[in-house]
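Please treat every number below as a calculation from the coordinates, not as lab data. Quick caveat, the model's predicted, so the values are computed rather than measured. Every residue, glycine among them, receives a Cβ derived from its backbone with ideal geometry; neighbour counts consider all protein chains shown.
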Amino acid sequence: MIRKGQRMTTKLDQFLQNQEHRRLYEQERLILEITEEICALMNEKDVSRAELAQRLGCSPSNVSQILDGDNNFTVRTIADCLLALGARLSIASERLCESNPNVALDLPDFTYQPEVSMQYSSHSQWVTSEIVPRCHGLAA
Amino acid sequence: MAPRADDIERPVVCSGKRITVVAAVRRNGTCPSIQFLDGLSPSDSTKLYALFQRYADDARINNGRKFKRLEDNIWEFKARGRDTGLRVTCYRNGDLLILLSGFRKNEDATEPREVSLATSIMEEDQQLHGG
């Protein structure tokens with residue numbers, strides 16, 4: 001029975017306390033980021049799976065497999081998909097909080113603050129990188 | 001003795017920038033969606049947790065292969081587990097997304113009895129918490 005006052009952390013927080021779960025979660029999170037970005041572009045440009053398949057020179061079922069995120073798609077496949085949708089992927093990493101790795105530290109423009117970079121690189125054992133896809137439309 | 005409505009609190013599954021995802025608790029104290037998640041292998045449950053967190057941050061899932069409407073207010077998250085398809089039903093109430101039930105499914109269409117179970121849990125949850 002779940003009663004008031006028993007909740008301290010979320011189920012996901014508890015789940016991610018296990019390092020192996022954490023590793024699997026970051027993989028799934030990244031796959032989802034990418035497939036969601038592709039779907040958002042397809043919706044925005046009103047491109048169907050069949051149309052995207054045609055642009056990529058593959059079958060619609062191949063596109064479905066990509067969108068399912070079940071098979072490990074390659075970086076090349078992602079680049080091809082996005083280019084077919086008039087976009088490209090740019091990559092950034094977020095530094096995660098030591099005490100709660102589900103929280104990204106808010107460090108704007110990390111690359112251009114070397115003193116901050118040094119500070120955090122000295123704690124490399126808890127600095128985890130992740131790829132944040134940001135798509136930019138390409139000029140036609 | 002059956003619990004009073006104000007005794008039951010929904011467990012928080014995850015919390016994001018826009019939505020908090022909680023799990024419905026039945027009058028008998030069981031929590032079908034959590035029981036389902038806890039019974040999965042870590043690699044399978046991770047796929048669902050990642051979807052929940054994504055929804056919590058964006059208040060939507062763009063990929064219709066991962067999130068689709070079953071009927072009226074009831075939606076389902078879809079993931080492909082190692083051996084079977086994984087489904088978790090839910091409904092939205094303001095900035096809360098309430099998980100209802102979970103089941104394994106290989107075919108795309110969800111069986112009426114699963115929809116019926118989700119509807120029944122949703123009605124019970126609405127009676128307990130309003131909405």
Could you run the Karplus curve 6.51 cos²θ - 1.76 cosθ + 1.60 with θ = phi - 60° over region A:39-53 and give me ³J(HN,Hα) per residue in whole Hz, x for Gly and Pro?
5, 4, 5, 4, 5, 4, 9, 6, 9, 7, 4, 5, 5, 5, 4
Here the net charge surrounding B:Ala79, from other residues whose Cβ is less than 11 Å away from its Cβ (Lys, Arg +1; Asp, Glu -1), is +4
For A:Leu96, which sequence-distant residues (separation of 5 or more, or a different chain) have an amide H within less than 5 Å of its own amide H, given hydrogens modelled in the peptide plane?
A:Leu105, A:Thr128
Most exposed to least, judged by fewest other Cβ atoms within 10 Å, A:Arg29, B:Arg54 sort to A:Arg29, B:Arg54
Antiparallel DSSP bridges in region B:12-128: what percent, to the nearest 5?
85
Two pseudo-spin positions, 7 Å from Cα along C-beta at B:Glu71 and at B:Arg27, lie apart in nanometres by 2.2
Would you mind checking the tilt of helix B:112-129 against the longest principal axis of the Cα atoms of chain B, expressed as 0 to 90 degrees and rounded to 10?
40
Amide H neighbours of B:Val13 under 5 Å, at least 5 residues apart or on other chains, H built in the peptide plane: list them.
A:Lys11, B:Val21, B:Val22, B:Ala23
Student exercise, chain B dipole from Lys, Arg, Asp, Glu Cβ charges, in Debye to nearest 20
500
Cα-based Kirkwood hydrodynamic radius, region B:27-107, one decimal, Å
12.9
Amide H to amide H, which residues 5 or more places from A:Ala87 or on other chains are under 5 Å from it, using H placed in the peptide plane?
A:Leu138
Please work out how much length the chain gains when fully extended from B:Glu107 to B:Asp38, using 0.36 nm per residue of separation minus the C-alpha to C-alpha distance, in nm with one decimal.
22.6 nm
Separation in nanometres of the label points that stand 7 Å from Cα toward Cβ, at B:Asp95 and B:Gln127
3.0
What does the structure give for B:10-20 when I average, per residue, the other chain Cβ atoms found within 10 Å of the residue Cβ?
3
If you count, for every residue in B:44-55, the Cβ atoms of partner chains within 10 Å of its Cβ, what is the mean?
6
What does the average come to when, for each residue of peptide A:9-19, you count the partner chain Cβ atoms lying within 10 Å of its Cβ?
5
Using θ = phi - 60° and Karplus 6.51 cos²θ - 1.76 cosθ + 1.60, couplings along region B:70-83 (whole Hz; Gly, Pro as x):
8, 6, 6, 8, 9, 10, 9, 7, 10, 9, 9, x, 4, 10
